[in-house]
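Since the structure comes first, as structure tokens, the remarks are kept for the end.
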Amino acid sequence: MAGEGDSEPRKSFKLLGFVDVQSVPCARESILYGSLGSFVVGLGHFLATSRVRRSCDFAVGGFICTMLGYWFYCRYNLAQHRIHQRMLKEAMRNKILYEGSSLDPERKQTGNERSDS
């Protein structure tokens, strides 16, 4: 059964010999979308102009633009997700800390409790 008791470490794919694609967030998806963008732009330019060399140049440009565009989009969403996680973690910690005390914002304060403070 796959995944159960495997002692074999996962093989990593290194791009350009030093960028480990599996451990860098958004790297794998960026490369895949970049290659798809490269194919679409290159093929589209070839079908429009029938110039092979120029279409290859456009394909390389399409790869770079698509890859970088998705990279920044993915990293921005990842940063937003981490900010929301941090805010939720802090809110849960405060909820546990202040629950039932006079500092609890959800607790209705009566006139007697206000005068005591």
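Could you tell me which of rounded, prolate or oblate describes segment 25-99, using a ≥ b ≥ c as the square roots of the eigenvalues of the alpha-carbon gyration tensor, with rounded for a/c under 1.5 and, failing that, prolate when a/b is larger than b/c and oblate otherwise? The shape class here is prolate.
Mean sequence separation of contacting Cα pairs (under 8 Å, at least six apart), scaled by the length of segment 25-99, corresponds to a relative contact order of 35 percent.
Bear in mind these aren't lab numbers, they're just calculated from the coordinates by the rules spelled out. Here the structure is a predicted model, which is why all the values come from computation and not from measurement.
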